[in-house]
Amino acid sequence: MSVDLAYLEPGVVASLLTLDTEPELLPPTLPAALARRLGGPEAGRRQTLGAWSVERRGAPATPFAWSTATARRALGRSALRRLVRGDDGTLGEALAHVLEHRLDRAASGYAGAGSLGAWLAGLDTSGRVTVLGAARAWAVSMLELTRGMATWSVPESDAYYAVERSRVTLRGRRDVVAARSLVCVRAGRPSATAGAGLRVDLLVAGLTHPTGELPAQIVGVWPDAGLALSLRASVADARRGARYVLAAAAAAGVVAAVA
């Protein structure tokens, strides 16, 4: 199905989620086919593939490193979860608790050298203030996006699916779950291949659901650009997402070839 463009205005994301459709189920043959195509002795190095991998068309990935830009979502989402659950009365309190938790884990040795907590521990006071400011701004933008939603929740993390008998893990972005729909927030502007990325997020959502149920809709949101892309989900879209994953795996050299 097509991907529809919308301009971000107050309540617009909530208006996109008013769908009354029966859930579609991912066919059991699809994960088996992924395992067959991505597994076996020809499989190469371990790799995590997701929407970003597909949208970059197999371009070499930049090694991950913590920064204000990469930390703001992790901290902001954790704080938002605390706020929505009622653990804290204000966003500021939630952010303070999240920061304290990360630093405590680093100090006690539970967080590894490359963890967010270890990176935060290495910053000076002004650096932490900058990161918390960015996390607050991210969380506030999320609260604005959810305006008008009757009920919504913040997942604890993105969805990860280890493809059976392979060295590939699929990652599906998810920031808000509401009305059987999935909202994925991205930085920058949507690329020409953003629709392919949404279909990969859809695929992983179905693969990680206990019964293979697909979301009714995937909404990608780019607050920096003031744009949203809405995809009314279907099994056909999930199959397209699987084809995009196979192409990205071949382009990245994860498998020798994908016929």
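Those residues that are surrounded by 14 or more Cβ atoms within 10 Å (Cβ to Cβ) and either modelled with pLDDT of 90 or more or farther than 20 Å from Thr70 by Cβ (or both), I need them from the range 108-129; list them, please.
Hits for the range 108-129 are Ser115, Leu116, Gly117, Ala118, Trp119, Leu120, Ala121, Leu123, Arg128.
Which strands (runs of 3 or more DSSP E) sit wholly inside the range 136-198 and have at least 1 residues that are more than 24 Å from His97 (Cβ to Cβ) and polar (S, T, N, Q)?
Qualifying strands (runs of 3 or more DSSP E): 168-172, 181-185.
Just to be sure, is Gly226 in contact (Cβ under 8 Å) with a residue 40 or more places away in the chain, over 18 Å from Val54 (Cα atoms) and of a type in the set (Gly, Ala, Ser)?
For Gly226, the condition - in contact (Cβ under 8 Å) with a residue 40 or more places away in the chain, over 18 Å from Val54 (Cα atoms) and of a type in the set (Gly, Ala, Ser) - is met.
I want to confirm something. Restricting to the range 18-34 and keeping residues that are more than 24 Å from Thr193 (Cβ to Cβ) and among the hydrophobic types (A, V, I, L, M, F, W, C), which single residue is surrounded by the fewest Cβ atoms within 10 Å (Cβ to Cβ)?
Ala32
The values are calculated or read from the model by the stated rules, or taken from the named source; none is laboratory data. Everything quoted here is computed from the prediction, not taken from an experiment. Counting neighbours? That spans all protein chains shown, and the Cβs are built from the backbone with ideal geometry, glycine included.
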